[in-house]
Amino acid sequence: MLPEPTLNSYLMLSAVLFAIGTAGVFLRRNIITILLSVEVMLNAVNLTFIAVDRFRGLVDGQIMVFFVITVAAAEAAVGLAIVIALFRHKETLTPDVFTSLKW
Amino acid sequence: MLYLIPLLPFVGFLVNAAIGKRLSKTMSGLLATGVMAASFGIAAMSVWTLVGQTPVDGVRAIEQSYYTWLSSGSLHIPLAFRLDPLSSLMVLVITGIGTLIHLYSTAYMHDETDAEYARYFSYLNLFAAFMLVLVLGSSFPVMFIGWEGVGLCSYLLIGFWFKKPSASEAGKKAFIVNRVGDFGFILGMLALFWAFGTLDFQELASKVALLPNDPAMWAGSTVLTAATLLLFLGATGKSAQLPLYVWLPDAMEGPTPVSALIHAATMVTAGVYMIGRNAVLFSHAPFTLEIVAIVGVVTALFAGTIGLVQNDIKRVLAYSTVSQLGYMFLAMGVGAFAGGIFHLYTHAFFKALLFLGSGAVIHALHGEQDIRNMGGLRKHLPITFYTFLIGTIAIAGIPPLAGFFSKDEILWKTYSSDHKVLWFVAVVAAFLTATYMFRLLYLTFFGVRRSAAPSTEHAAHSTQHQAPSTHHGEAHLHDAPGPMAIALIVLAIGSVLAGFVGVPHVLGGNNQIEAFLEPSFRAIGAVAEAAPAVEATAEATAEHGGAGLEFGLMAFSTLVALAGIGLATVVFLRRPQIADRMAGQFAGVHRLLLGKYYVDELYDATIVQPIKRVSSGLLWRGVDAGVIDGTVNGVGLVVRGWSAVLRRLQTGSVRAYAMSFFVGVVTIVGYYLWR
């Protein structure tokens with residue numbers, strides 16, 4: 001019988017997920033993978049909200065989570081559209097190639 | 001009613017300035033002359049009322065306040081006019097002679113286009129309006145409106161032919177030199193307000209009259225001396241005295257009627273008027289009075305010597321004006337305020353006449369101003385000749401013409417107030433006056449015509465009329481046309497008769513003008529012993545010295561004038577070669593005089609050039625280009641330098657941005673966690 005999960009274990013899980021997402025954003029060389037990593041980070045945050053709400057008996061965080069999910073959906077739609085546009089432009093998905101946003 | 005006197009010319013100015021372009025010359029001229037004549041009528045009626053008044057405390061005055069112009073703290077300046085004997089005389093001179101000169105101008109300026117003609121008359125009307133405000137104002141600030149206004153009009157009219165560079169230069173010179181004087185005037189005004197808390201002429205006079213006559217007896221005398229000296233600096237600018245006279249001879253670039261009205265009869269006498277207006281103040285500052293007298297007499301002599309050798313008909317008259325103004329200041333300086341104003345009044349007649357006469361000559365000769373190219377005009381221009389002759393005799397001081405009485409009054413008051421040295425210098429200047437005026441008369445009207453050979457100077461002058469100067473056939477000479485002739489004749493009559501209001505007691509007259517003016521020179525309510533000290537002593541000496549001395553001096557100065565005429569007759573009429581030989585023998589002196597003592601060059605070297613050098617060397621290249629531009633450019637350079645460094649951070653790589661964002665968040669959160 002596994003021990004009853006505490007708030008701490010949820011937060012640990014959430015931190016691990018967030019770290020994995022962050023590492024993915026910085027280390028992966030594919031824009032689509034990076035977008036997926038961003039989703040992981042968002043969901044790590046969602047998990048934190050839900051866990052805290054569950055253990056404290058609140059609802060504010062859960063409402064926030066709905067917003068995050070909505071924004072994540074929009075981001076996925078817009079982000080993928082941009083990725084397609086970028087690919088048409090340079091025939092690659094390596095983010096380091098897209099450096100024209102500078103002086 | 002008083003406000004109508006300056007308002008009418010002002011309305012004339014507005015109309016001619018606004019719609020003058022569309023009016024015919026006849027209309028513009030008629031309007032401008034008409035408003036002046038109407039103004040003269042109202043002035044005459046006002047003066048008539050004033051004379052009919054029963055004097056209160058021996059003083060007659062009409063005072064009208066219209067509204068409070070400035071009110072700030074203890075300073076209250078109503079826009080108020082005051083007509084008293086002194087200002088009434090001035091108002092009559094300005095409107096009366098002004099009307100004649102407007103009339104004269106209608107013919108003199110007839111060669112101009114309609115628009116220029118209207119512009120001329122609008123300026124002339126504006127000038128008259130400001131001049132009337134100057135003399136009617138009951139306090140310093142109101143006088144100052146007029147004081148600056150006439151300066152402006154003087155500038156506009158000197159530079160009337162502004163397309164000619166010398167004319168616009170002369171206008172600027174007049175304006176800038178007058179600024180120096182006005183600076184003194186303003187400071188003097190402020191000092192008076194600081195010391196006495198009022199700027200109303202009458203209140204100032206009443207306050208000063210209560211102070212002891214001896215400056216050592218009261219503490220604030222230094223302030224009064226300084227204030228009066230500063231005011232006198234203003235007067236030297238406006239009235240063309242040493243050291244600020246340099247603008248007046250150049251002002252002859254303006255149209256001749258302007259020279260007659262502004263630079264002979266009215267505006268340049270404003271300084272004399274201002275001192276007369278504040279006679280009580282000045283007579284409580286004996287040191288200032290000494291300075292005034294010395295500056296006056298030195299100017300009279302100085303300008304007289306220059307006048308001896310000048311060859312431009314108007315410049316001779318200009319130096320003569322400077323010299324005569326010197327006489328007026330001499331009179332003021334020795335406390336003979338009435339004498340100075342009397343000379344101002346007679347001078348207005350004969351100098352306006354002389355200028356208008358010279359204008360008629362210039363008009364007849366199509367712009368020729370060099371007397372070396374004139375001569376023999378007596379037969380061709382009889383009206384001009386006879387009127388000019390009267391003016392010349394009047395200014396030379398031959399009895400019984402106007403100039404004799406006033407000049408002699410000044411000489412006598414100078415002598416009797418124990419200024420024997422000044423008296424002697426003034427007599428020498430009188431001698432010079434007679435000489436250079438008759439030289440001018442002889443060279444212009446006598447002998448034979450020396451025309452032809454248009455010199456370069458001549459060519460420059462004749463451009464004003466754009467008339468053909470190629471052929472000076474005798475048949476082409478025409479005497480002054482109607483309106484000009486009328487003005488000349490009226491002024492000639494005035495030059496003969498004007499002096500009779502001031503016939504001294506010793507000649508059986510009773511010097512009405514002095515009795516009339518005298519109340520203006522003391523404070524209201526001040527009793528006899530508080531009257532200006534110098535005047536009182538002069539009167540006392542007059543009584544002691546006796547009639548015999550006065551009569552003797554009078555005869556002496558007449559003889560001096562006759563001697564001057566005689567010298568001119570011999571040198572310039574009978575034996576012209578003497579003049580040349582003298583010029584050759586005293587070549588150095590001659591050149592010095594011809595070069596006007598090189599005062600202009602001196603000012604150029606000591607003031608203008610250093611200012612230019614400081615301006616371009618230090619202020620322009622140093623302060624402006626170095627400090628100000630340096631600051632602006634320096635700020636730009638610093639920003640650019642830092643930008644060059646900082647822009648390296650903007651790589652365009654989204655992941656680098658995200659990285660820095662992440663590091664930032666970690667740092668901030670870490671700081672709060674482990675604090």
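Quick one: in region B:658-668, of everything that is facing chain A (nearest Cβ under 7 Å) and of a type in the set (A, V, I, L, M), which residue is surrounded by the fewest Cβ atoms within 10 Å (Cβ to Cβ)?
B:M659
Here's the yes/no breakdown for (1) within 14 Å of B:G335 (Cα to Cα); (2) surrounded by 14 or more Cβ atoms within 10 Å (Cβ to Cβ); (3) at pLDDT 80 or above; (4) of a type in the set (S, T, Y):
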| residue | (1), (2), (3), (4) |
| --- | --- |
| B:S520 | yes, yes, yes, yes |
| B:A542 | yes, yes, no, no |
| B:G552 | no, no, yes, no |
| B:I565 | no, yes, yes, no |
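Quick check: anything in region B:267-280 within 30 Å of B:P576 (Cα to Cα) and either β-branched (V, I, T) or modelled with pLDDT under 90 (or both)?
So far as region B:267-280 goes, no, none of its residues is within 30 Å of B:P576 (Cα to Cα) and either β-branched (V, I, T) or modelled with pLDDT under 90 (or both).
Residues of region B:116-146 being among the aromatic types (F, W, Y) and within 27 Å of B:I19 (Cα to Cα), which ones?
The answer is B:Y117, B:Y120, B:F121, B:Y123, B:F127, B:F130.
Among the candidates B:G335, B:G359, B:G339, which residue alone is on the phi > 0 side of the Ramachandran plot and surrounded by 24 or more Cβ atoms within 10 Å (Cβ to Cβ)?
Going through B:G335, B:G359, B:G339 in turn, the sole match is B:G335.
I'd like to know if region B:614-636 contains one or more residues that are within 13 Å of another protein chain (Cβ to nearest Cβ) and among the small types (G, A, S).
Among the residues of region B:614-636, not one is within 13 Å of another protein chain (Cβ to nearest Cβ) and among the small types (G, A, S), which makes the answer no.
For the condition farther than 29 Å from B:T346 by Cβ and within 27 Å of the chain's Cα centre (by Cα), what is the one hit in B:L8, B:L83, B:L75, B:L14?
B:L14
Is it the case that B:R655 is within 30 Å of A:G24 (Cβ to Cβ), basic (K, R) and either away from every other protein chain (no Cβ under 12 Å) or touching a helix residue (DSSP H, G or I) at 6+ places or on another chain (Cβ under 9 Å) (or both)?
For B:R655, the condition - within 30 Å of A:G24 (Cβ to Cβ), basic (K, R) and either away from every other protein chain (no Cβ under 12 Å) or touching a helix residue (DSSP H, G or I) at 6+ places or on another chain (Cβ under 9 Å) (or both) - is met.
Of all residues in region A:79-103, how many are hydroxyl-bearing (S, T, Y) and more than 10 Å from chain B (Cβ to nearest Cβ)?
2
Which condition does B:F350 not pass, out of (1) surrounded by 24 or more Cβ atoms within 10 Å (Cβ to Cβ); (2) not in a helix (DSSP H, G or I), if it passes all the others?
(2)
Quick check, is B:Y671 within 55 Å of the chain's Cα centre (by Cα) and either more than 14 Å from chain A (Cβ to nearest Cβ) or surrounded by 10 or more Cβ atoms within 10 Å (Cβ to Cβ) (or both)?
no
Quick check on B:G29: is it surrounded by 11 or more Cβ atoms within 10 Å (Cβ to Cβ), on the phi < 0 side of the Ramachandran plot and in contact with a Lys or Arg (Cβ under 9 Å, 6 or more places away or on another chain)?
No, not satisfied.
Under the condition of being at pLDDT 50 or above and crowded, with 21+ Cβ neighbours inside 10 Å, which residue from region B:522-534 is farthest from the chain's Cα centre (by Cα)?
Checking each candidate, the answer is B:A523.
Can you go through A:A73, A:A15, A:A23 and tell me which one is out of contact with any Gly (no Cβ under 8 Å at 6 or more places or on another chain), within 13 Å of chain B (Cβ to nearest Cβ) and over 20 Å from B:V654 (Cα atoms)?
Criteria check complete, one pass: A:A15.
So is B:L79 surrounded by 13 or more Cβ atoms within 10 Å (Cβ to Cβ) and in a strand (DSSP E or B) or not?
yes
Condition first: touching a residue at least 40 places away in the same chain (Cβ under 8 Å) and among the acidic types (D, E). Now tell me which residues in region B:189-208 satisfy that.
Answer for region B:189-208, where residues must be touching a residue at least 40 places away in the same chain (Cβ under 8 Å) and among the acidic types (D, E): just B:D200.
If B:Y603 satisfies all but one of (1) within 14 Å of another protein chain (Cβ to nearest Cβ); (2) in contact (Cβ under 8 Å) with a residue 12 or more places away in the chain, what's the number of the condition it fails?
Among (1) within 14 Å of another protein chain (Cβ to nearest Cβ); (2) in contact (Cβ under 8 Å) with a residue 12 or more places away in the chain, the lone unmet condition for B:Y603 is (1).
Please count how many residues of region B:56-75 are farther than 30 Å from B:E514 by Cα and either touching a Lys or Arg at 6+ places or on another chain (Cβ under 9 Å) or not in a strand (DSSP E or B) (or both).
Result for region B:56-75: 2.
For region B:399-504, please list each of the helices (runs of 4 or more DSSP H) lying entirely inside it that holds at least 1 residues being farther than 30 Å from B:A561 by Cβ and at pLDDT below 90.
The qualifying helices (runs of 4 or more DSSP H) are B:456-462, B:482-497.
When only residues in region B:156-166 that are of a type outside the set (A, V, I, L, M) and assigned to a helix (DSSP H, G or I) count, which is farthest from B:G271 (Cα to Cα)?
Selected residue: B:P165.
The conditions are (1) in contact (Cβ under 8 Å) with a residue 60 or more places away in the chain; (2) within 29 Å of B:D250 (Cα to Cα), and B:I145 fails exactly one of them. Which is it?
(1)
The values are calculated or read from the model by the stated rules, or taken from the named source; none is laboratory data. Just so we're clear, the structure is a prediction, and the values are computed from it rather than from any experiment. Reconstructed Cβ throughout: ideal geometry from the backbone, glycine too, with neighbour counts over all protein chains shown.
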